[in-house]
């Protein structure tokens, strides 16, 4: 099972949230693709689920789902979350309805959206690094500078391994047979150029 590779997933599934009301996003894809283990588990939830079960949290902020894994199982904000910004939607609802795929019975965001998000994030990181003054670039003790460089290195390493995944045509294996070129984002010139 592909989902067996995802860290923290079993704890999230113990919450028994309705599958039509959420999507698992981000580096869970990298775990399933054998690129690297996800550091945390990121979730998008619907307005309906937020209003019924998580109403005490403001919709503008992300939050930790469980006490034990507060920093590891993260629910993205409804308003101005990374995917609603990417797709210019006012909330997660349309994303959850339109851009889902089931892997081993669990709903995930289409990988094409995660890859697009990752490309845009790396562009932002590179822009932020280019805008640093020379003094800031050289200051080894600057926490924000170090964080930027670490994220850049991690994302670049991920993209190298993602390219290998597609060059070796692992996406065509039986375990991935339910996903189309569209789902992967390989029908999109800009994304294909980065991934293959």
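The numbers here are math on the coordinates, done by the rules we state, and not lab data. The structure presented is a predicted model; accordingly, all values stated were derived computationally and were not measured. In this analysis, Cβ positions are derived from the backbone assuming ideal geometry, glycine residues included, and neighbour counts consider all displayed protein chains.
Over the chain, Cα pairs under 8 Å with separation of 6+ residues give a relative contact order of 17 percent. When the chain is treated as a Gaussian network with alpha carbon springs shorter than 10 Å, the biggest mean-square fluctuation among 145, 72, 100 belongs to 145. Panel order for 141, 57, 115, by other beta carbons found within 10 Å of each beta carbon, from fewest to most: 141, 57, 115. In terms of its alpha-carbon gyration tensor, the stretch 1-106 comes out prolate; a/c meets the 1.5 threshold, and the first ratio a/b outweighs b/c.
Computed from label points 7 Å out along Cα-Cβ, the spacing between residue 160 and residue 10 is 3.3 nm. A Förster radius of 25 Å, combined with the Cβ-Cβ distance separating residue 36 from residue 123, puts the computed FRET efficiency at roughly 0.75. I'd like the distance between the alpha-carbon centres of the stretch 25-102 and the stretch 129-181, rounded to an integer number of Å. About 20 Å separates the Cα centre of the stretch 25-102 from the one of the stretch 129-181. Applying D = kT/(6 pi eta Rh) to the stretch 103-167, where Rh is the Kirkwood radius over alpha-carbon pairs, T corresponds to 20 °C and eta to 1.002 mPa s, the Stokes-Einstein value obtained is 157 µm²/s.
Using mean projected area of the Cα convex hull in nm² as the read-out, say which of (i) 12.1; (ii) 11.0; (iii) 10.5 was calculated from these coordinates. Working out mean projected area of the Cα convex hull in nm² from the coordinates points to (i).
The simple Förster model, with R0 at 22 Å and r as the Cβ-Cβ distance, assigns residue 63 and residue 20 a FRET efficiency of 0.55. Just checking the listed ones, 111, 82, 18: in the Gaussian network model of the chain with Cα springs under 10 Å, the one fluctuating most is 18.
Could you estimate the translational diffusion coefficient of the stretch 73-134 from the Stokes-Einstein equation, with Rh from the Kirkwood formula over C-alpha pairs, at 25 °C and 0.890 mPa s, in whole µm²/s? Translational diffusion coefficient: 185 µm²/s. Estimated from helices alone, the mean residue ellipticity of the chain at 222 nm is -13000 deg cm²/dmol (sum of -39500 (n - 2.57) over DSSP H runs with n ≥ 4, per residue).
Ranked by how many other Cβ atoms sit within 10 Å of their own Cβ, fewest first, the residues 167, 78 fall in the order 167, 78.
Take the Cα of residue 196, step 7 Å toward its Cβ, do the same at residue 172, and the gap between the two points is 0.9 nm.
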